Amino acid sequence: MKNNLYEEINLPMSRDDATKKVFEIYKTKNKTFIESGTFLGNGIYRAFSVGYEKVYTCDINKEFVENAKKNFFGKDLIVVNEPSEVAFVEFLSSIDAPSLIWLDGHMMPDENGEIRPYTVKENLEYCPLVKEIDIIKKTKIKEHIIVIDDFKCFGTWLFDGLKFETLSNKILEINNNYKFTLYNEEIMVCHF
């Protein structure tokens, strides 16, 4: 199915398997994966399991960062306890080829819709997507694969009211050849 902004594809599998499949489909030639929102390390695990050789990740929660360091010891992993708007400047300046960038660094509610305090930090926005895209835009590489998780959060307080139409316009400022594909109503891939 296709709407005006993006194509929709439904993969007949679980959300976790669909995420892993997307990582595999869009694996870049240099095999570098960059992530905002380390959380429990699922993105790191999926990236390494489909063949990414180097992973960069960041989280504002120190416990998540320390767990990732311990759980993925011996892997080519850079994990920092910084907000993405700080970490991405460092990460993106150290790479010299297109990468897959997984944007999932927003705050998360619990099952009752309450904010989980370990996913927010004072003076930081709930959703850093606009800042992350602005940082990507300032780099010399204009062909990254950008994957945005939790598409259903667009237009809600979880994404600070941000609409996908607004963000897609910012992404097209990076490279107007981007195409947009939504997988399983949750995973937006900005690709070529």
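The values are calculated or read from the model by the stated rules, or taken from the named source; none is laboratory data. Model, not experiment: these values are computed from the prediction. Positions of Cβ are generated from backbone atoms using ideal geometry, with glycine treated the same way; all protein chains shown enter the neighbour counts.
What to note about this one:
- Single condition ILE146 does not satisfy, out of (1) touching a strand residue (DSSP E or B) at 6+ places or on another chain (Cβ under 8 Å); (2) assigned to a loop (DSSP other than H, G, I, E, B); (3) within 19 Å of VAL55 (Cβ to Cβ): (2)
- Looking only at the range 124-134, and only at residues there that are part of a helix (DSSP H, G or I) and of a type in the set (D, E, K, R), the one that is surrounded by the fewest Cβ atoms within 10 Å (Cβ to Cβ): ASP134
- Every residue from the range 50-61 that is on the phi < 0 side of the Ramachandran plot, surrounded by fewer than 23 Cβ atoms within 10 Å (Cβ to Cβ) and modelled with pLDDT of 95 or more: VAL50, GLU53, LYS54
- Criterion: surrounded by fewer than 16 Cβ atoms within 10 Å (Cβ to Cβ), at negative phi and in contact with a Gly (Cβ under 6 Å, 6 or more places away or on another chain) - qualifying residue of LYS163, LYS137: LYS163
So that you can scan it fast, the table gives a plain yes or no per residue for (1) part of a helix (DSSP H, G or I); (2) closer than 20 Å to ASP17 by Cα; (3) in contact with a helix residue (DSSP H, G or I) (Cβ under 9 Å, 6 or more places away or on another chain); (4) not basic (Lys, Arg):
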residue	(1), (2), (3), (4)
GLY155	no, no, yes, yes
LEU162	no, no, yes, yes
SER168	yes, no, no, yes
ILE171	yes, no, yes, yes
ASN176	no, no, no, yes
LEU182	no, yes, yes, yes
GLU185	no, yes, yes, yes
MET188	no, yes, yes, yes
